[in-house]
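Quick notes on the structure that follows.
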Amino acid sequence: MIKVLYFAWVRERIGVSYEMVETKSETIIGLVDELRQREPRYEIAFADLSTLKVAVNQELCDFDTKLSGASEIAFFPPMTGG
Amino acid sequence: MIKVLYFAWVRERIGVSYEMVETKSETIIGLVDELRQREPRYEIAFADLSTLKVAVNQELCDFDTKLSGASEIAFFPPMTGG
Amino acid sequence: MRVSVQSNDFDIGKELEFLNNSGRNNGAIVSFQGVVRNNSTNSLLHMDIEQYPGMTQNAISNYVETAMERWSLNDALVIHRHGKLFPGDRIMMVATAAMHRHDAFQSAEFLMDYLKSRAPFWKKEVTKDGYHWVEPIVDDEKALERW
Amino acid sequence: MRVSVQSNDFDIGKELEFLNNSGRNNGAIVSFQGVVRNNSTNSLLHMDIEQYPGMTQNAISNYVETAMERWSLNDALVIHRHGKLFPGDRIMMVATAAMHRHDAFQSAEFLMDYLKSRAPFWKKEVTKDGYHWVEPIVDDEKALERW
């Protein structure tokens, strides 16, 4: 089980701020494809990955990063801090 | 009569912070040459013009600037503000 | 160094005083203060700043450590607020203390560029007609290229 | 804009508060604070800062006006002290307020570079063995070339 978090409009489109996910995927992009096939709200949230960022264990990474060792994954739009 | 001011080590070498000077020179460099011939303390203060700056009427300028219209001239080393 | 992610306001004067009195031979202290601007139609009611709580503190600390390694700094400070903020409110501050001004300026700009695009905060602008998430600015992403 | 040449200390927190509350739509406020550093042998008793009283205010005002024309600034402030200052004392501050951080940072750096080499101040360092006039730094003069 991996904890998956969503922030900003990703959280709004998916409707929860986090959830526990069981996955057989080996990479983040595989997990995204699994989620997309679950329900339309995921399909909508993950429609365009170029507008999204992802962090594994609270560190920014790429969508082709492997899931081994991942206990927490977060999806969110580009940051707008400062 | 022109008011001539000296700052920092120029003031210390010449021994006064300002004085009124009567000059026939047409340029600042001419005035400097006049002063140099007056007394050794001026010769020492003006020994190396590359280490000096000059302002006419409180604006920085070059040593070949004309004196017409000048009511106040100041000689000083490079500034070290900030 | 100190990094604080907080909802309450801060006193930039006290923070700068504290930084200057931290006992090093500071010659230059640079600060940046971000303030909530109104939008182009002056209709902003307030802003909501969302964060990723587990990640924010660590991510910012990493950028501050990078800055302290890359420039000759005596100390550095980042405070970033989250939650509901009104036009004119302080959002965040960065301060850097160094012997020389170049290090203080460069590191403060570096930290700002990274905080803008790499610290996990998201700004929502609320008006009477609804709200929208602030779009990232292309120039902010480009600004990272110079470091 | 405001330019003040003074012997007394200033409160950077109050100055930044005042700048931010000056009624414009500020998004970014950058400040620089110069502090009296000790010398390399830690023997500095105090510093004496001499100025050219008639010229200082006007010269600084001209540089501030140039900055306000060159960058998109809402406001700018320069305070520079003269007289006897001790290690750790604040010497001067620059603050710039703008909608965007790039303008605030660039103009503050510009003002600092000009204040260092073009504002009529001269620093004297006093130790128990005597005193010497601070030499201008070649890099400070070079720093002007980028503007």
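Values in this text are rule-based calculations from the coordinates and carry no lab data. None of these values were measured; they are calculated from a predicted model. For neighbour counting, all protein chains shown are included, and Cβ atoms are generated from backbone atoms with ideal geometry for every residue, glycine included.
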*Taking the Cα-to-Cβ direction at A:ASP48 and at A:SER25 and moving 7 Å from each Cα, how far apart do the two end points lie in nm?*
2.0
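Whats the longest run of chain A with zero GluC sites (Glu not before Pro) that are DSSP loop and have at most 15 other Cβ atoms within 10 Å?
Values: sites that count: A:GLU22, A:GLU26.
Segment A:27-82 is the longest.
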*According to the Kirkwood expression over distinct Cα-Cα pairs, how big is the hydrodynamic radius of chain D, in Å?*
16.0
*At most 10 other Cβ within 10 Å, DSSP loop - trypsin sites (Lys or Arg not before Pro), the range C:95-147*: C:LYS128
*With each run of n ≥ 4 DSSP H residues scored as -39500 (n - 2.57), what mean residue ellipticity at 222 nm is computed for chain B after dividing by its residue count and rounding to the nearest 500 deg cm²/dmol?*
-8000 deg cm²/dmol
*State, to one decimal in nm, how far the label point of B:GLU39 lies from the label point of C:ASP139, with both points 7 Å from Cα in the Cβ direction.*
5.8
*Return one number: the angle in degrees, 0 to 90 and rounded to the nearest 10, between the long axis of the Cα atoms of helix C:53-70 and the longest principal axis of the Cα atoms of chain C.*
40
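List A:TYR6, D:TYR114 from most exposed to least, where exposure is judged by having the fewest other Cβ atoms within 10 Å. Before the final figure, lay out the partial values.
Numbers: A:TYR6 21, D:TYR114 25.
By the 10 Å Cβ count, ascending: A:TYR6, D:TYR114.
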*So what's the gap between the Cα centers of the range C:1-31 and the range D:87-127, to the nearest angstrom?*
18
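For chain C, what does the relative contact order come out to in percent, with C-alpha contacts under 8 Å and a separation of six or more?
Numbers: 269 pairs, mean separation 48.5, N = 147.
With pairs under 8 Å counted, the relative contact order is 33 percent.
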*Candidate aspartates and glutamates for bridging to D:LYS123, where Cα separation is under 12 Å - those fewer than 8 sequence places away on the same chain excluded*: D:ASP48, D:GLU50, D:GLU135
*Of B:LYS66/D:LYS84; B:LYS66/D:LYS124; C:LYS84/C:LYS116; A:LYS24/C:LYS124; C:LYS14/D:LYS84; C:LYS14/C:LYS128, which pairs sit farther than 29 Å apart, going by alpha carbon to alpha carbon?*
B:LYS66/D:LYS84; B:LYS66/D:LYS124; A:LYS24/C:LYS124; C:LYS14/C:LYS128
*Shielding score for D:9-16, defined as the mean number of other chain Cβ atoms within 10 Å*: 3
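So if R0 is 30 Å, what FRET efficiency would B:GLU12 and D:SER61 give, r being the distance between their Cβ atoms, rounded to the nearest 0.05? Don't skip to the end; give the middle numbers.
Values: r = 29 Å, r/R0 = 0.96.
Once the sixth-power term is evaluated, E becomes 0.55.
Only loop residues by DSSP count here, and only those with at most 11 other Cβ atoms within 10 Å; note down the trypsin sites (Lys or Arg not before Pro) in the range C:29-87 that meet that.
Passing both the DSSP loop test and the Cβ count: no residue.
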*Which chain D residue hugs the D-C rotation axis most tightly by its Cβ, and what is that distance in angstrom, to the nearest whole number?*
D:GLY13, 1
_For D:ASN74, residues with placed amide H under 5 Å, excluding near neighbours_ = D:ALA97, D:ALA98, D:MET99
